Each structure stands twice: as structure tokens, then as C-alpha cells.
Protein chains: 2
Amino acid sequence: MKKLSILAVILFAGTGLFAQFGPPRLVSPEIKADSITFRFRAPKAIKVELNGDFLPKKPMKTNFGTFDAPAPVEMKEVKDGVWEYTVHNVAPDFYSYTFTVDNIRMLDPSNLQMVRDGQNVTNIVIMPGEKSNLYLEAKEKKGTLSKVWYPSPAFGANRRMYVYTPYGYETSGKKYPVFYLQHGGGGDEDAWTSLGRACQILDNLIAQGKAVPMIVVMPNASPNQLASPDVLDPLPSPSPMQQDRTSEAFHSGGAYVKGLVEDIIPYVESHYRVIKSKEARALAGLSMGGIYTLYTTAKYPNLFDYIGVLSMGFTPDRDPIKELTPVKTAGYKLYFVGCGESDFAYDNTKRLLKGLDDLGMKYTNFDKVGGHTWDTWRVCLKELAPVLFK
Amino acid sequence: MKKLSILAVILFAGTGLFAQFGPPRLVSPEIKADSITFRFRAPKAIKVELNGDFLPKKPMKTNFGTFDAPAPVEMKEVKDGVWEYTVHNVAPDFYSYTFTVDNIRMLDPSNLQMVRDGQNVTNIVIMPGEKSNLYLEAKEKKGTLSKVWYPSPAFGANRRMYVYTPYGYETSGKKYPVFYLQHGGGGDEDAWTSLGRACQILDNLIAQGKAVPMIVVMPNASPNQLASPDVLDPLPSPSPMQQDRTSEAFHSGGAYVKGLVEDIIPYVESHYRVIKSKEARALAGLSMGGIYTLYTTAKYPNLFDYIGVLSMGFTPDRDPIKELTPVKTAGYKLYFVGCGESDFAYDNTKRLLKGLDDLGMKYTNFDKVGGHTWDTWRVCLKELAPVLFK
């Protein structure tokens, strides 16, 4: 027994267990067949609330007006200072949640699974089921996610991107097509892999033979960042894109589009085993990333055969005919437009679709999605990835 | 102006700013020349405390006895419900901290920089200076960190490891030496890159010409995990190492050592451009990872020319002469022992050092470090990396 107890000390040293020796760890969230139970220990709290995008929507007042939004619910103290709330009939999906304890928002200390959406960190929980099965880890044949720093002369500094290489990349000797996948405003290179579950979706689709093995490059497209804000050191500021925020250069994608074409694509094509041709390049993005997709393909129509615009289209000040004509002239294999009617970008999307119609350009309009949220973009990725490079 | 305001909506959509429209974001932590100020907004709180490893130590009672530990300090409400505390004369280093609000421990919502130590998540802050300069992001020539799933027949499943490839790896055409770097009990494959700042330390040392470019492989050595616990899905349990926890196999490293030698090293040597020989392999680990280093080198003395044992040595039930003799017989280029006198593993370390002395084996004893903490292990990595593969 002595041997075991010495080993026990060794095995748990460094885990902070000494510091937090106390009541047993709670199980939260606890996922059952059709319910999720959340728990939080707060013996002295007066009010504990659960916030989550699985909760019923109610009209919520904000400074922008009144919107329907998931309303917080009060948790109940069940025993020994443990507060609890069970949500029933939870549809299979990926959800975010937090607690509010006496008016202070906090994370669930029992749940290590969290995502950052811009400046906000929340816990996540996935209810398994048909809609969410691609969001779960693939059992085998999983790709590799790399955090890559590349030199960006367009920004005058090193910038960071994430690169997904599919299972088998290291040893196959094959060359792969590349999907450039852009986040939205306020996001960064981390967003598609955390909020977007891009690795799990691609791993599953490729393992099931539904998508071809491809490299996915997720740049940082934020005008004021060189890398995601959880990287420790303050980065040089202002960036080139901050400097020209009121200029035409900014409104046509400015330094970002230049950086994508002059820095990122050449880096990827010289550092990875890829097919260097238009039919092996795809470009898509959500919201701000959708704008950049429109700008990039208008300016460089010979780079991408596969184009995806998610939750975005043309703002009223743009001329769809002018911006789409170069794409039509150059030719393309797929034009995917993904936006639901409840998305605030739907009017912009309608202008994009009308432009495509007016020019007689073929496209796929996927509108079986909801609002301007990650739920929409995960579903769009599930639809878009299988039709790329085919 | 209309164009700008539409863009503003687009740029901030998805960031949750709608949801959290409220008082301005606080600056916390605010780092000045020799002080750090922490801030937290809690208008209705009665007591807000700051916990941090930069705070003066006091005797703290725990169930294990009384230990000297950094004592929490009370923050003061300065205005509009904002609580504040300034720590003066902060020595340059990497620090962890949290807040305790009315007895509930929470993270600093103004600071996105956080690390997970096993089951505990804390915020971090780096005070720049000579001791901590290698912990900051290198300005250029930065390597790539990859999250790699590899098949592990020893565990009957896919497991995850992190792999650092140095700047230039993708295009140099060169073969590299490999440093296998193991975490401690309660840790996982994430620990050396988050708590240990391994990428920053290696990037800086290599860029400064102080360490040779090398690949660093950081396995998951936890007996009950296939990947770090922030990966969403529950993984198969019990694992082979959980099953034989009382067996001799467990106490000689069991499935982990088998997995390292039979799964991980062959995977790395078939998937990366590496030098496949003893003089191009290093193995080190802290605490439990130090035990695994001792076990692995005793059982496979022809694999590693560079050996590092951090905060660990021989427990009283082991025979140092028996376990070190194979290493002496096979020969080696470096035996690095890193442990300070205030470390609870120091007695074990003394047994290791005596064994090395008794056998007349050359070694480097680095004891200019403190206790059984990540501060010690970061400093050890700074000392060890420059003497590898030379």
C-alpha cells in the first residue's frame, strides 16, 4: 500500500488537487437520452441562473431594440448548496451556455469544454443525434490541426493561421486540393475549429467517403489582429487594415485580400503537398469572410473554382453585375450561397442571388438554415464540404 | 456613413456584442514597469479576492496539513462596482491567477489568456523581464504546433499528442532530431505548450542560435485519457492503464511505456523527417513523466542518448543500481537531473543522484529551481533544450 500512496501523490502532483481539496466534483452537464442537467455549487448564492442557446426564446430588450433571444432560467438549490436545472427535450445539436450567479456571469467549473467567440468564452455541450453526429470526434482516420505562423509582408509581420491536413497526408505522397475557409467579423483563425467544429466535420465526412481528402486553411482575417487574442503578447498595432479603415482599400478587403493572395496562398503552395491549380482551390467565408470571398473572387477570378458565400451577399452600395462578371467570364465549378431567411444578411444575399440570376450564372442556394449564428455555418460546412473538388 | 454602419454590424456580428452590450470592457490585468493591476466588475458583491502565485506566502491549512502557499488578498471597490488590486514589485515571470467573488472562484472575464492545469482553469499573466523573456512569443522564425491523432495498438484506440516542428521544417529538406517531452500526473499533451510555454521557449532558443532546431513530441501519458479532457467526447474507459493500476505492469510504466516505444516513436519516425538513431533522440519528463523516463531508459537503454529527469528520482522501493546499470552499459551523451531542494521529490532525486555517483555515471545536476511547480519545469526546459543534440 505504501507504494501506491507514494504513487498517488506523484500522480496527482501538479494538478492543483491540494489547493482545491474539498467537496466532490459535480457532474455538469449530465447528458441523458433527451435531457441535459446542469449543476453548480454556490452555498451562499441568492440567485443562480442558466443561460444557454437551447433555452426558449423570449423578447429581450437591448440598446439596439427588442429581439427574441433565449431567456435565462433560474436554477434551484437542491442540496448542500448545489444548484441544478434540467432542460428536457433537447434537440441534438451543439450548444453554448454559462451561469449567472448573483448577477455575475461565469463558466461552469465542472465542464472543461469551452469555446471563445471573439471576446466571450462560454462552455459548450453537444447533444448527440442525427443533426450533431458530424460534430463529434471521428472514431478513426482523424486529421491533424496545426497552428502555423507565416510571414506576411502585406501586414509587415508574422501572422497565424490554422491548417487542417486530412488523415494520411504525412505518408500518402499525394497532392491535395485546398479549401480556404474564412471566419466572420470579431472572429479569428480559431473560430472554424472551435465554434465551427471544422476538424470533426471534415474528419467524419472524409472517413465516410462523403468528402474528398482536402487541406483546410483557416486564416486570421481580422483587421486588428495578427493572431487570435488568446495569444499572450500584445501584437503590433495599428495594423495596416486598421490604418485605412475609412479608405476604399479597406472596403474592398484591403490588406486582408492582398495578404490572402500574396502571402497565404504562396505559403501554402510552397509548404504543403497541394495541387496548384484553380480546380483544386476553394474559397468560402461567413459574414465578413463572405464579403472577402466576394471581393477576392471579383479581383482574382482565376484563382478559385469553388466559391462559398455564407450569411452574406452584396450591400446596397455594391454593383453585383460589375463584381460577378469577372467570375462568370473566368468560369467556375461551384457557387454555393448559404443563408436562411431569418438571417439579417438575407437582403444582401437576395442581391447576390439576383446578380447571379441576371447573369445566368449557375449556383447552389442553400437556405435551410436559421439566423446569423454558428449553427447556420456548421450546417453550411456539412453541405458545402461534400460538393467541393468533384 | 451608411456604408460604415452596415459594415460595423457585419464586422461585429457573431461576437456576442449584442448580448453583452453594457459597461465598457475593463483593462485587466494592466501590466506596468513593476506592477500589475487586476480589475473585476461586480456591483453587488460583498467580498472580492484575488488569488495568484505572485502573492506573498502564508501558512494555509489543508486536509494534508499546513503548507506555506500564496494567500488571497481582498480587492477594493474603487468605483461603479469595479474592484481593483495592484501588486507591486512583481518579479518577471509567468503567473496564474483567479478571482473569488463571495466565496466563488472565477476567471477574469477581461483576460482571454488562460491555461488548464488538469481540471483547473486559471488566467495567466507574464511580467516581462530577463527571467521570462523566453516565455514571450518570438518575433520571427516561429515553429508550428500540431495536434496529432495517432493509432495506438497499445491502448486499442487513437490517442492524441502535440508535435512542435521548428521554423523551416516544411521546406528545409533536412532531417531533425526528436525530443520526447512528458508531462506529469494529472497533466496531458497540452500541458507543456500551455503551462510549460514550450513553443515560445524553443522558438526563442532556436532563433537565438542557443538550441539546435528539433522536433518536440509531447504525448498524452495519462493512464485514464486518450486525449486531453477538453476534447469533447467521452473516450473509451477504462483504458489499459486504468485496468492494471495495481499490477507490476502499471508500476513500471505499463501501457504508457509500451505505447511510447511501440506506437509513438515508430509513428513519428514514419510521419516526420527525422534522424532515426539514438544520438538524435532525447527523452525527458517531469514528476510522473520523470518516472516514465527512468522506466523507459532502464527497459530500452539503446533508444535515447539524451535523458532528462525533472522533479523526480527513485522512490524508496526501487533499486537505482539495477535500473541505471543498463543505461550505463548502453552509454549516453547527457543525463540531466533538474530538481530543487524545496521540491517534495528531492529525496527521490537524491537517490537518483547517489545511484549515478555509485556507478560513476556523468550527469548534470540542475538544482537552481524551486518546488514541484511549472515555474521549475519551464526553467528546466530553458536549461535542458540548449544542451540537447550537441
Conditions (1) more than 8 Å from chain A (Cβ to nearest Cβ); (2) modelled with pLDDT under 90: number failed by residue B:67: (1)
Filter result for the condition that a residue is of a type outside the set (S, T, N, Q) and under 26 Å from the mean Cα position of the chain (by Cα), over A:65, A:52: A:52
All positions within the stretch A:123-156 that are in contact with a Pro (Cβ under 7 Å, 6 or more places away or on another chain) and among the aromatic types (Phe, Trp, Tyr): A:155
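Conditions (1) touching a strand residue (DSSP E or B) at 6+ places or on another chain (Cβ under 9 Å); (2) modelled with pLDDT under 95; (3) part of a loop (DSSP other than H, G, I, E, B), marked per residue:
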position: A:211; (1), (2), (3): no, no, yes
position: A:231; (1), (2), (3): yes, yes, yes
position: A:236; (1), (2), (3): yes, yes, yes
position: A:242; (1), (2), (3): no, yes, no
Residue within the stretch A:177-185 that is more than 24 Å from residue A:305 (Cα to Cα), crowded, with 21+ Cβ neighbours inside 10 Å and more than 12 Å from chain B (Cβ to nearest Cβ) present: no
Residue identified as more than 12 Å from every other protein chain (Cβ to nearest Cβ) and farther than 21 Å from residue A:266 by Cα among A:122, A:100, A:86: A:86
Scope the stretch B:344-374; condition assigned to a helix (DSSP H, G or I) and within 12 Å of chain A (Cβ to nearest Cβ); matching residues: B:347, B:348, B:374
Qualifying positions in the stretch A:298-319 - surrounded by fewer than 21 Cβ atoms within 10 Å (Cβ to Cβ) and among the β-branched types (Val, Ile, Thr): A:315
Residue A:323 farther than 29 Å from residue A:126 by Cα, in contact with a Pro (Cβ under 9 Å, 6 or more places away or on another chain) and not in a loop (DSSP other than H, G, I, E, B): no
Filter result for residue B:304 (more than 14 Å from chain A (Cβ to nearest Cβ), in a loop (DSSP other than H, G, I, E, B), within 24 Å of the chain's Cα centre (by Cα) and aromatic (Phe, Trp, Tyr)): yes
Test set (1) away from every other protein chain (no Cβ under 14 Å); (2) surrounded by 16 or more Cβ atoms within 10 Å (Cβ to Cβ); (3) touching an Asp or Glu at 6+ places or on another chain (Cβ under 9 Å); (4) more than 29 Å from residue A:122 (Cβ to Cβ) - residue A:295 fails condition number: (1)
Selected residue [without any contact (Cβ under 8 Å) to a residue 40 or more places away in the chain and within 11 Å of chain A (Cβ to nearest Cβ)] from B:270, B:311: B:270
Residue within the stretch B:355-378 that is surrounded by 22 or more Cβ atoms within 10 Å (Cβ to Cβ), basic (Lys, Arg) and either in contact with a helix residue (DSSP H, G or I) (Cβ under 9 Å, 6 or more places away or on another chain) or at pLDDT 95 or above (or both) present: yes
Top-ranked residue of the stretch B:273-308 - restricted to ones that are aliphatic (A, V, I, L, M) and touching a residue at least 60 places away in the same chain (Cβ under 8 Å), ranked as nearest to residue B:342 (Cα to Cα): B:286
Residue in the stretch B:125-138 that is over 27 Å from residue A:159 (Cβ atoms), part of a strand (DSSP E or B) and either at the interface with chain A (Cβ under 9 Å from one of its Cβ atoms) or of a type in the set (Val, Ile, Thr) (or both) present: no
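The values are calculated or read from the model by the stated rules, or taken from the named source; none is laboratory data. Nothing here was measured: the structure is a model prediction, and the numbers come from that model. Neighbour counts are summed over all protein chains in view; Cβ atoms, including those assigned to glycine, are modelled from backbone coordinates with ideal geometry.
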